[in-house]
């Protein structure tokens, strides 16, 4: 085959691939990397984000409940006071404030309000 013809075919395939990839990202709803989990836990303390995700683990103590929430990656959440029967596998919505680094060195969310969605 002619080299120019192969070059045209490859350029057309690349363009079609980019269009399909962009369409798929719009259909699935992929977030930009700035708003994914690391972006969710920005250092802006003024914000009170609402984060939804699946509960991976729950540990209750006398004054607090610690849950591991999975959105795009695992996010530790600390809740104070009563919690509405949160169990592993529940889909929850947490409103809170950005915390500092926890003992494992990762960011955490201090939950003000939590509700079970599913």
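Every number in this text was worked out from the coordinates using simple rules, so none of it is lab data. Note that the coordinates shown come from a computational prediction; the quantities given were computed from them, not determined experimentally. All Cβ positions, glycine included, derive from the backbone under ideal geometry; neighbour counts span all protein chains shown.
A few comments on the model shown:
- FRET efficiency for the pair residue 20 and residue 68, taken as 1/(1 + (r/R0)^6) with r the Cβ-Cβ distance and R0 = 35 Å, rounds to 0.50.
- Exposure proxy shown here: for 2, 90, the number of other Cβ atoms within 10 Å sets the order, fewest to most, as 2, 90.
- Neighbour counts of other Cβ atoms within 10 Å put 4, 71 in the fewest-to-most order 4, 71.
- Among 25, 1, the ranking by other beta carbons within 10 Å of each residue's beta carbon, starting with the fewest, stands as 1, 25.
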